[in-house]
Amino acid sequence: MGDNFRFRDVTGGAGGVNIGRGNISAGRDYQDNRSWQITVPDRDLELLTAAIEELRLTAGERQQAAQALHGAKDAAAAGDRAGVGGHVRRFTEVLKDAGALAGAGATLVDALTRIGRWLGPVGAAVLALL
């Protein structure tokens with residue numbers, strides 16, 4: 001702590017450069033150093049599982065959502081990001097089609113966003129549904 005970095009007239013292809021301890025921005029790109037830690041989204045999948053019970057879903061929709069999350073947990077345990085992405089996308093589609101995604105609340109949307117970011121390019125389909 002306490003490190004200071006001063007740059008004068010430093011520009012990159014897209015703008016200024018800010019390099020130091022913590023988060024890094026270069027031009028318009030931004031890297032949150034916390035995202036460098038690759039972790040399986042187990043906690044977020046558990047949050048989504050708990051959230052199903054509080055959403056306005058029919059029994060059939062609730063079952064479809066639970067099955068999708070169960071598949072996502074199995075895929076995460078196997079280290080299959082593409083599988084996690086497919087199952088979480090299906091979960092998100094079930095909520096969206098049921099009209100439950102709009103009123104789902106920040107906890108659920110934040111968990112889906114974190115999982116989508118963890119998935120990387122595979123998570124683009126999930127993030128596009130939010």
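Can you tell me which residues in segment 101-112 are surrounded by fewer than 15 Cβ atoms within 10 Å (Cβ to Cβ) and either touching a Lys or Arg at 6+ places or on another chain (Cβ under 9 Å) or not assigned by TED's automatic domain parsing to the domain that holds residue 46 (or both)?
If the condition is that a residue be surrounded by fewer than 15 Cβ atoms within 10 Å (Cβ to Cβ) and either touching a Lys or Arg at 6+ places or on another chain (Cβ under 9 Å) or not assigned by TED's automatic domain parsing to the domain that holds residue 46 (or both), then 102, 103 are the ones that fit.
Which of the residues belonging to segment 64-102 are farther than 18 Å from residue 125 by Cα and touching a Gly at 6+ places or on another chain (Cβ under 9 Å)?
74
Looking at segment 116-130, I want the residues that are assigned by TED's automatic domain parsing to the domain that holds residue 83 and have a partner that is loosely packed, with under 14 Cβ neighbours inside 10 Å and of a type in the set (Gly, Ala, Ser) with Cβ atoms under 6 Å, at least 6 apart or on another chain. Which pairs are those?
Pairs that qualify, where the first residue is assigned by TED's automatic domain parsing to the domain that holds residue 83 and the partner is loosely packed, with under 14 Cβ neighbours inside 10 Å and of a type in the set (Gly, Ala, Ser), are 122/82.
Kindly evaluate residue 115 against the criterion of being β-branched (Val, Ile, Thr), assigned to a loop (DSSP other than H, G, I, E, B) and either at pLDDT below 90 or surrounded by 14 or more Cβ atoms within 10 Å (Cβ to Cβ) (or both). Outline the logic, then answer.
Values: β-branched (Val, Ile, Thr): yes; assigned to a loop (DSSP other than H, G, I, E, B): no; either at pLDDT below 90 or surrounded by 14 or more Cβ atoms within 10 Å (Cβ to Cβ) (or both): yes.
No; evaluated as a whole, the condition is false for this residue.
Within segment 76-100, track down each residue that is among the aliphatic types (A, V, I, L, M) and surrounded by fewer than 20 Cβ atoms within 10 Å (Cβ to Cβ). Steps first, answer last, please.
As a first pass, look at segment 76-100 and keep what is among the aliphatic types (A, V, I, L, M): 76-78, 82, 84, 88, 94-95, 98, 100.
If the condition is that a residue be among the aliphatic types (A, V, I, L, M) and surrounded by fewer than 20 Cβ atoms within 10 Å (Cβ to Cβ), then 77, 78, 82, 98 are the ones that fit.
The values are calculated or read from the model by the stated rules, or taken from the named source; none is laboratory data. Quick caveat, the model's predicted, so the values are computed rather than measured. Neighbour counts run over all protein chains shown; Cβ positions are idealised from the backbone, glycine included.
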